[in-house]
Amino acid sequence: MEIKLPDNEKALWILKTQGSLPLNIVAKELNVTTEGARFQMLRLAGEGLVAATTESKGRGRPQQIWALTASGHGRFPDRHAELTVKLIQKTKEILGESALDAVIEAYGKESRSKYLHAVEGINELEDRIRILAQIRNSEGYMAGYTQEEGGFILFENHCPICAAATICQGFCKSELETFRAILGDTVTVTRIDHVLSGAQRCAYKITL
């Protein structure tokens, strides 16, 4: 999913998709000087969208590492988060926890059916992962994957249902079960990063 940001906020996209970065890397990605990048980051920091921490590695000078704040993450769409949260709360209040679980289970089955149809006839694991990443990306998760020794990493740089998942982690459980169903019984899928636990993104290690 392509998200349009003003030119003076492109650094937000870079931090969203690449995670926390030192200033020189931000400058390189923006194709500006270090001072130009510093000016942009300080302006964004003044708006509460980014913040810097200092890291010391070895004997060199400490580095400033820039990252998005909660407000910075909020610049990316969250699928009518407030309404979703209210609907979940009302479902719990009126119908009870079991009714909410039933809704999430039905939602998960629908997703699994759609994803399974997309990978029908596809036997190669990497091809299945690529198709899964494409579907998730089209749904707003900024998804992709990388190959590494021993398997693959499926990552999602954005969670468009984060507000709902925060008050009901059944959604996260359902998604993990869906990934396992799509990729097959011979594959192990383990969540190694989780936005709700404070990580920059959600990531899953996939191994045979």
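In table form, for the structure just shown:
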{"quantity": "ILE122 being modelled with pLDDT of 90 or more and out of contact with any Cys (no Cβ under 6 Å at 6 or more places or on another chain)", "calculated": "yes"}
{"quantity": "Lone qualifier among THR178, THR188 - being surrounded by fewer than 20 Cβ atoms within 10 Å (Cβ to Cβ) and among the β-branched types (Val, Ile, Thr)", "calculated": "THR188"}
{"quantity": "Lone unmet requirement of (1) surrounded by fewer than 20 Cβ atoms within 10 Å (Cβ to Cβ); (2) more than 30 Å from GLU93 (Cβ to Cβ) for TYR204", "calculated": "(1)"}
{"quantity": "Filter result for LEU132 (aliphatic (A, V, I, L, M), closer than 29 Å to LYS16 by Cα and touching a residue at least 60 places away in the same chain (Cβ under 8 Å))", "calculated": "no"}
{"quantity": "Residues that are assigned to a helix (DSSP H, G or I), loosely packed, with under 12 Cβ neighbours inside 10 Å and either of a type in the set (Lys, Arg) or at positive phi (or both), drawn from the stretch 87-113", "calculated": "LYS90"}
{"quantity": "GLY151 being within 15 Å of the chain's Cα centre (by Cα) and at positive phi", "calculated": "no"}
{"quantity": "Residues of the stretch 129-167 satisfying the condition of being under 18 Å from GLY74 (Cα atoms), of a type outside the set (Gly, Ala, Ser) and surrounded by 18 or more Cβ atoms within 10 Å (Cβ to Cβ)", "calculated": "TYR141, MET142, GLU156, ASN157, HIS158, CYS159, PRO160, ILE161, CYS162"}
{"quantity": "Selected residue (criterion: farthest from ASP7 (Cα to Cα)) from residues of the stretch 32-67 that are charged (D, E, K, R) and either at pLDDT 90 or above or assigned to a loop (DSSP other than H, G, I, E, B) (or both)", "calculated": "ARG59"}
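The values are calculated or read from the model by the stated rules, or taken from the named source; none is laboratory data. Keep in mind the model is a prediction, meaning the values are calculated, not measured. FYI the Cβ positions are ideal-geometry reconstructions off the backbone, even for glycines, and counts take in every protein chain you see.
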